[in-house]
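Participant: Quick one: the structure is below, and I'll ask about it shortly.
The values are calculated or read from the model by the stated rules, or taken from the named source; none is laboratory data. Computed from a predicted structure; not experimentally measured. Cβ coordinates were reconstructed from backbone atoms using ideal geometry, including for glycine residues, and neighbour counts include every protein chain displayed.
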Amino acid sequence: MVSPMSYFRFRPLASSCVFLGMLALTGCANGGRQPAAGRLGLGLADSALAGGAPSLALQVSKAVLARNPNDVPALLRRGDAYYQLGDYPRAAASYRQALTLHVRSVPALMGLGRVALATSPAEASARFSEVLALEPTNQAAMSNRGVALDLSGLHAEAQDDYRRAIALAHADAARGIEVGADSGALAATQVDLAVSMAISGQPAAAVRILQPIASSPDASPRVRQDLAMALALDDRADDAARLLLTQMSQSQARSAMSGYQALREDATPPPPPPGDGS
């Protein structure tokens, strides 16, 4: 069976890039303001994480922790750095240490959820549910829990979470709430909803969601490949292949189409056994 995990996006919106800058200024778990050097260092770690330089962020966070091993913002950044480096056990250990010091730390719970997505979707879902118990309108937690539910085969429940997150984002926009860098998360959640629908027997509906997103000049090749997957699952193999050939070589397109065909076969229910028509 082809795993659908690679088709979904994980959004760390409740992690360092959004909340940790605030934590660094307030010293939320340390009982006071951080020294100026610590704030500046963690600001550098944030920039390194945002710029795709997790090794630098790890170095900076370790330097801050050498001065104060219980610095929760530094622990969270260290966890994020390990996560970006693919060292999930150390990332989880950093998030757990932060959670021990600050038991209601949403960034730590989000971090543990992201780590668990790769190995234990049920645990990831539980972590994101903990976040939603603390922050019922946390759109990142809803979207990521949707991914965890999809990876557990609970597609209807996953789609409920995606739709709730999308509705909240639209409500924020209607109220004029500035979403800033989070605006891309709405499109990512819409894509995840479409992928979930495609692999759960609703490929035509998925195509309707994906086509306007994929037709945007800013659409990534990944989104167009998701549309190709939905087209293939909707028995539109020729359309899917044509779209793929605008994104990749012929051999890569053939390989992708083989994967989509395997997904289609997995999603097709087996015929009833002989003589079971009454």
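Participant: Kindly evaluate D235 against the criterion of being exposed (fewer than 15 other Cβ atoms within 10 Å of the Cβ), of a type in the set (D, E, K, R) and under 28 Å from E265 (Cβ atoms).
Facilitator: yes
Participant: Another question, if that's okay. So which of A188, A228, A206, A194 is over 20 Å from the mean Cα position of the chain (by Cα), of a type in the set (G, A, S), outside the structural domain of R163 (by TED's automatic domain parsing) and within 20 Å of D150 (Cβ to Cβ)?
Facilitator: Answer to the check: A228.
Participant: Looking at the stretch 44-71, I want the residues that are more than 17 Å from A98 (Cβ to Cβ) and have a partner that is in a loop (DSSP other than H, G, I, E, B) with Cβ atoms under 9 Å, at least 6 apart or on another chain. Which pairs are those?
Facilitator: Hits for this filter: S47/A53.
Participant: I need a count of the residues in the stretch 128-157 that are closer than 23 Å to P107 by Cβ and either surrounded by fewer than 24 Cβ atoms within 10 Å (Cβ to Cβ) or without any contact (Cβ under 8 Å) to a residue 60 or more places away in the chain (or both).
Facilitator: Selection size over the stretch 128-157: 16.
Participant: Taking the condition among the small types (G, A, S), surrounded by 14 or more Cβ atoms within 10 Å (Cβ to Cβ) and touching a residue at least 12 places away in the same chain (Cβ under 8 Å), does A205 pass?
Facilitator: The answer is no for A205.
Participant: In the stretch 158-175, how many are farther than 17 Å from V195 by Cα and surrounded by 15 or more Cβ atoms within 10 Å (Cβ to Cβ)?
Facilitator: Count: 3.
Participant: Since R224 meets every condition but one in (1) out of contact with any Ser or Thr (no Cβ under 8 Å at 6 or more places or on another chain); (2) in a helix (DSSP H, G or I); (3) at pLDDT 95 or above, which condition does it not meet?
Facilitator: Failing condition for R224: (1).
Participant: Among all residue pairs at least 6 apart or on different chains, which show Cβ distances below 6 Å where the first residue, located in the stretch 81-110, is more than 18 Å from A53 (Cα to Cα) and in the same structural domain as L49 (by TED's automatic domain parsing) and the second is in a helix (DSSP H, G or I) and modelled with pLDDT under 95?
Facilitator: P107/F19
Participant: Of everything in the stretch 176-198, what is surrounded by 13 or more Cβ atoms within 10 Å (Cβ to Cβ) and modelled with pLDDT under 95? Give them in sequence order.
Facilitator: V179, D182, G184, A185, L186, A187, A188
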